[in-house]
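One structure is given here, and the rest of the page talks about it.
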Amino acid sequence: MQAYVVRTRALVSAALLLATVACGTGDSDAVGASKLDAIEEGMPKDSVLPLLGTGPLIPIKAPDVLRLANGFRTQIYLVNGANYQVIYYREALGSLEDSISRTVETPILLKNDTVMGWGWSFYEKKSSEIGLPNPLNGAARLDSIGKSQQPAPPRS
């Protein structure tokens, strides 16, 4: 009888541990979902930023100011005459040198300062349709994104 109770407790403990780990490694759409759920398609950027609050990233170098919106990493693209902006919502401390990660950040996609949608599933589908880079597609892509956001060298 005692061996049965010990095995049952061990199995229950293992199941709970597995469930906890599974929650932490699921779809990154869960990062900040309580705040992001309030964001709706068609919302203007000026209404979104107050909902997000202030992000944990701070500019270290002067050019970093252009890569942040309210303390969140941001990337801006011009595609077929439309201005697309990706704001990466995050709660964890870090820096702009950190790689973009599903488990730490959730993308919010805007077109001409209006929300199109948010979450990795949404972003992966839309970025492919629009022709935006997906930072999760390899180190070479990440390197090209980082280089594209560096300030241009001074002209002589």
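Step by step: first the residues of the stretch 43-71, then only those that are at pLDDT 90 or above and surrounded by fewer than 10 Cβ atoms within 10 Å (Cβ to Cβ), then the one that is farthest from T106 (Cα to Cα). Which residue is that? Taking the candidates together, the pick is D46.
Hey, any hits in the stretch 85-98 for a residue that's of a type in the set (S, T, Y) and at pLDDT below 90? Yes, that holds for at least one residue.
The set of residues from the stretch 99-115 being modelled with pLDDT of 95 or more, more than 19 Å from V65 (Cα to Cα) and surrounded by fewer than 17 Cβ atoms within 10 Å (Cβ to Cβ) comprises K111, N112, T114. Condition check for I76 on (1) touching a residue at least 12 places away in the same chain (Cβ under 8 Å); (2) of a type in the set (A, V, I, L, M, F, W, C); (3) surrounded by 12 or more Cβ atoms within 10 Å (Cβ to Cβ): one failure, at (1). Looking at the stretch 54-94, which of its residues are more than 16 Å from P135 (Cα to Cα) and under 15 Å from the mean Cα position of the chain (by Cα)? Selection gives T54, G55, P56, L57, L68, A69, N70, G71, E91, A92, L93, G94. Taken over the stretch 94-122, the residue count meeting the criterion of being of a type in the set (D, E, K, R) and assigned to a strand (DSSP E or B) is 2.
The values are calculated or read from the model by the stated rules, or taken from the named source; none is laboratory data. Just so it is clear, the model here is predicted, and its values are computed rather than measured. Every residue, glycine as well, gets a Cβ built from its backbone with ideal geometry; the counts of neighbours run over all protein chains shown.
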